[in-house]
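This report refers to the structure that appears directly beneath it.
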Amino acid sequence: MLAALLLAACSTTPPPLAEPMFDAPAAVRAVRAAGGAASTELDVQPLRDSQVEDLRKEAERLERAGQYPQAAAALDHALEITPDDPALLQERAESALLNDRLDDAERFARKGLDGGSKVGPLCRRHWETIAQVREARARALPVDVPGNPSATDARRERDACTVAAPPRY
């Protein structure tokens, strides 16, 4: 009995599990939530090529099935058809996040920003992607890199993307 008590007194609780460095699905959910359009906001949607649309839908299906590399490949094929489509570039950025390819995610988001609108839901998704990448990098290596915006700076840019629609009379 005494031995059992001594052993019980020596037992320790296991240390808490470490917070994951990067939760890709949560990051993508945050990016997509940032792109939600308000009913009072201007949101222009371009016409899409039917072949690109089929590839986008295939990528969505593959993503839902957890087949992230295959989803990225479908989006890469779509980008071969329309390489400068900002919405497609953003979808590819989100796919890169899901594949833990942070550099690629930021590169695709920035390319989408460069060629796309500077306002609206897509603009917010671009900047939130950059913010998610910045947060992940800060957790991995908490050192500021001169010339690179912090997650806070990226979110300030994201918030500036919201512009009300023109009044209708």
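The values are calculated or read from the model by the stated rules, or taken from the named source; none is laboratory data. Please read all numbers here as calculations on a predicted model, not as lab measurements. All Cβ positions, even for glycine, are placed from backbone atoms using ideal geometry, and neighbour counts span all protein chains on display. Please note that ligands, DNA and RNA were not included when accessible areas were found on the heavy atoms of the full protein model with its side chains. Shrake-Rupley method; radii C 1.70, N 1.55, O 1.52, S 1.80 Å.
With the structure loaded, tell me whether GLY112 is touching a helix residue (DSSP H, G or I) at 6+ places or on another chain (Cβ under 9 Å) and open to solvent by less than 20 Å² (accessible area, probe 1.4 Å) or whether it fails that test.
So GLY112 passes the test.
Each row is one residue, and each column tells you yes or no for (1) at pLDDT 85 or above; (2) outside any helix (DSSP H, G or I); (3) more than 25 Å from GLU58 (Cβ to Cβ); (4) of a type in the set (Gly, Ala, Ser).
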position	(1), (2), (3), (4)
ALA87	yes, no, no, yes
GLU91	yes, no, no, no
GLU94	yes, no, no, no
ALA109	yes, no, no, yes
LEU113	yes, no, yes, no
ILE130	yes, no, yes, no
PRO146	no, yes, yes, no
ASP153	yes, no, yes, no
ARG156	yes, no, yes, no
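Can you name the residue in region 68-85 that is in a loop (DSSP other than H, G, I, E, B) and of a type in the set (D, E, K, R) and, of all such residues, is most open to solvent (accessible area, probe 1.4 Å)?
ASP84
How many residues, within region 96-107, are polar (S, T, N, Q) and part of a helix (DSSP H, G or I)?
0
If you check every pair at least six apart or on different chains, which have Cβ atoms under 6 Å apart with a residue in region 21-45 that is farther than 16 Å from ASP100 by Cβ and open to solvent by less than 40 Å² (accessible area, probe 1.4 Å) first and a residue that is among the acidic types (Asp, Glu) and modelled with pLDDT of 80 or more second?
ALA34/GLU128
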